[in-house]
Every structure is written in C-alpha cells, then in structure tokens.
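Laboratory data are not the source of any read-out in this text; all were calculated from the coordinates shown. Because the structure is predicted, anything quoted here is derived from the model rather than measured. Ideal geometry is used to build each Cβ from the backbone, glycine not excepted, and the neighbour counts take in all protein chains shown.
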Amino acid sequence: GATMAKSKFEYVRDFKADDTCLAHCWVVVRLDGRNFHRFAERHNFAKPNDSRALHLMTKCAQTVMEELEDIVIAYGQSDEYSFVFKRKTNWFKRRASKFMTHVASQFASSYVFYWRNYFEDQPLLYPPGFDGRVVVYPSNQTLKDYLSWRQADCHINNLYNTVFWALIQQSGLTPVEAQGRLQGTLAADKNEILFSEFNINYNNEPLIYRKGTVLIWQKVDEVMTKEIKLPTEMEGKKMAVTRTKTKPVPLHCDIIGDAFWKEHPEILD
Ligand code: ATP
Ligand code: ATP
Ligand code: MG
Ligand code: MG
Ligand code: MG
Ligand code: MG
Ligand code: MG
C-alpha cells in the first residue's frame, strides 16, 4: 500500500525532549493564577475571601476532572489547584508537558467560560492566565505530605489574612499598620487578637476558607427530566428519571490527619 509521505524535515522530531513522568509515581499538576493579587483588586474580590472566586475555581477544577483522564483527587485554595493523576495512568504516555498544558488550558478556558455564572454583576476585564508545574511523588506518604503541605499553607495564609483584614476593615488600620501589628506574632497570638478584639472564634470561620476544597469522585443521584417519545403522539411526555452518576464532589475537610484517607482508601488504590 501507499506509505505516508515523509518530508526531509521529519528529522526535527528527534529533538523533542523526553519528559515522561517516572513510572508508577503519582503525577501532580499544580496551577496558580498569574498575578491574582492584581486580578482580585481589579475585579473587586471581597477580602479576605471572595467565595464567588473560590466556587468558580472549583467549577473549573471539576471541569478539568470530567474532561481529562485519570485524575483521582484535586485540592484547591486561593488562586491555586492541584490535580493528582493515578499512579498507573498511561494518559499521553505520561508526558509531563501534555498533562500540564491540558490541565492549564482546560482550566483557564473554563474560568472565562463560567465567569458570568459566579460574577453576575462584575464584568471580566481581561483574560486571566495560570501557570502550571508537574511534580511526581514516589510513594503514598510523599503524596499525602504534598497535599498536607498545601492545606497547611491554606490554614497559615487564611489565619493571617483573617486578622489582617479585620484590623483594616473593623479597626481602621492601614495595610502597613496591620502588617506591623502582625509582625512576629504566632498562631496563638493571632487567634487571641481575633477573639479579644473582634469576638471572632477562628474555629467557627467557614470550613471552605480554613481547609480549602478537596474534590473526589463520588456517586451522586441525579434527577433528570427525560422526554419519552410515543409513536402515537407528536410531543413526548416528560418524565423524571433518577440516575446514579460518578462526579467530582467538593469537600471542605481535613486531609492532613489519617481519618480522611481511612474513610476513602480507594483514592490511593
Ligand atoms: P503569582 O503570579 O506569583 O502567583 P499572585 O499575585 O497570584 O502572583 P499568589 O501568591 O498566587 O500571588 O496569591 C494570590 C493572591 O490572589 C492572594 O494573595 C489574594 O490577594 C488573591 N486571591 C486569590 N483568590 C482570592 C479569593 N478567593 N478572595 C480574595 N482574594 C483572592
Ligand atoms: P488531538 O487532540 O490529538 O490534537 P485533533 O482532532 O485536534 O486531536 P489534530 O491532528 O490536531 O487532531 O488536527 C486538528 C483537526 O482540527 C484537523 O484535522 C481539522 O479536522 C480540524 N481543524 C483545525 N483547524 C481547522 C480549520 N481552520 N478549518 C477546518 N478544520 C480545522
Ligand atoms: Mg505564586
Ligand atoms: Mg498566583
Ligand atoms: Mg497562589
Ligand atoms: Mg494532534
Ligand atoms: Mg489537535
């Protein structure tokens, strides 16, 4: 039969770098919004936490999990999301650049596509971007420690931001004054300022702010209306049908302790 014509330029293929992720390791892609400090200001994000922005981030992460292959868990906070591909994935022959670019572009296009659903009265003023990186973890323990690191980061930043913005919004301090007030304080000091000056018990702050968002696949009952076509009728009859679908479901729970992993052993299978 006829063979595909090959040009004399084909040899340039051999120059591509081999970026195969090490076999049997967990592959993690982490995205982070580019210059979101400014993006948040320009789009009037509520401080310290804009829940519209957090829910939009999670919608984009759910879209990534549904559109791409083999993501078993995702974790997000602030302007970042991490996606974990299953140990034995062979998607795109485990090429790091494919994982990273597909995650980043699917996420960024979803952010723009779904913006209006979350920011009804706030127009999107310019196209946002996200950076991506790939890290592979060789064991379940290192993967769990990676996710713990991100959740600990969420906690540390959120405790700081909660006091920082209370000092500005409720005590009238300037950002420079609030920063000075918090210089050198420990977690206990910040909790104490919140409680004594603002009557805020940090542990009662919403979990989504304190813990971030974990996405795992769970069975969900979905009620759909289905049109049943009968041969004798022009218009179909509408009927409610319940279907069980597996979807990426958001949780705002601790993932640092053992309880989460004991409750969901299938994630690390
Ligand atoms: P870089 O491009 O280096 O990532 P950056 O400005 O995005 O720069 P980050 O360290 O990623 O810096 O911090 C993200 C910033 O975005 C936060 O400091 C905060 O100001 C803002 N931000 C992100 N999400 C929210 C949110 N849900 N509510 C309020 N502010 C947010
Ligand atoms: P993959 O995800 O592997 O890239 P693909 O379907 O995108 O799959 P490509 O080899 O990238 O495959 O080919 C892109 C295809 O998109 C073309 O074969 C063509 O069918 C379609 N396409 C792209 N641009 C145009 C265009 N300007 N006009 C018409 N068709 C187009
Ligand atoms: Mg950064
Ligand atoms: Mg950022
Ligand atoms: Mg960030
Ligand atoms: Mg192609
Ligand atoms: Mg293509």
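When residues in the range 78-105 are screened for being of a type outside the set (Phe, Trp, Tyr), under 24 Å from Asn158 (Cβ atoms) and in contact with a strand residue (DSSP E or B) (Cβ under 7 Å, 6 or more places away or on another chain), 4 of them pass. Taking the criterion of being outside any helix (DSSP H, G or I) and within 19 Å of Asn49 (Cβ to Cβ), the residues of the range 137-172 that qualify are Gln170, Ser171. Only residues that are among the acidic types (Asp, Glu) and farther than 23 Å from Pro175 by Cα: list them for the range 26-53, please. Selection gives Asp32 alone. Under the condition of being under 18 Å from the mean Cα position of the chain (by Cα) and of a type in the set (S, T, N, Q), which residue from the range 124-157 is nearest to ligand 1 (Cβ to nearest atom)? Only one residue fits best here, namely Asn157.
Of the residues making up the range 247-269, just one is of a type in the set (Lys, Arg) and in contact (Cβ under 8 Å) with a residue 40 or more places away in the chain, namely Lys247. Cβ-Cβ distances below 9 Å connect the following pairs, each with a first residue in the range 18-46 that is within 17 Å of Met57 (Cα to Cα), a second residue that is within 11 Å of ligand 4 (Cβ to nearest atom) and part of a helix (DSSP H, G or I), and a separation of six or more residues or different chains: Gly33/Phe39; Gly33/Ala40; Phe45/Phe36; Phe45/Phe39.
Across the range 7-58, the qualifying residues are those that are within 21 Å of Gly212 (Cβ to Cβ) and among the charged types (D, E, K, R), and the one among them that is farthest from ligand 3 (Cβ to nearest atom) is Arg52. On the given criteria, is Asp50 among the charged types (D, E, K, R) and more than 30 Å from Asp121 (Cα to Cα)? So Asp50 does not fit the description; no. On inspection, His37 fails the criterion of being over 17 Å from the mean Cα position of the chain (by Cα), surrounded by 16 or more Cβ atoms within 10 Å (Cβ to Cβ) and not β-branched (Val, Ile, Thr).
For the range 227-269, a residue qualifies if it is surrounded by 13 or more Cβ atoms within 10 Å (Cβ to Cβ) and of a type in the set (D, E, K, R), and the qualifying residues are Lys247, Asp254. Residues that are free of Cβ contacts under 8 Å to residues at least 24 places away in the same chain and more than 13 Å from Val249 (Cα to Cα) are absent from the range 53-68 altogether. Going through (1) surrounded by fewer than 14 Cβ atoms within 10 Å (Cβ to Cβ); (2) part of a helix (DSSP H, G or I) one by one, Pro123 falls short only on (2). Within the range 187-205, the set of residues being under 28 Å from the mean Cα position of the chain (by Cα) and surrounded by fewer than 14 Cβ atoms within 10 Å (Cβ to Cβ) comprises Ala187, Asn201, Asn203, Asn204. Considering each residue of the range 59-76 in turn, none proves to be within 16 Å of ligand 3 (Cβ to nearest atom) and more than 25 Å from Gln218 (Cβ to Cβ).
Set side by side, the residues Val135, Val103 differ, and just one is buried (at least 18 other Cβ atoms within 10 Å of the Cβ) and among the β-branched types (Val, Ile, Thr), which is Val103.
Can you name the residue in the range 53-63 that is within 13 Å of Lys247 (Cβ to Cβ) and touching a strand residue (DSSP E or B) at 6+ places or on another chain (Cβ under 8 Å) and is also surrounded by the fewest Cβ atoms within 10 Å (Cβ to Cβ) among such residues? Only one residue tops the list, namely Gln62.
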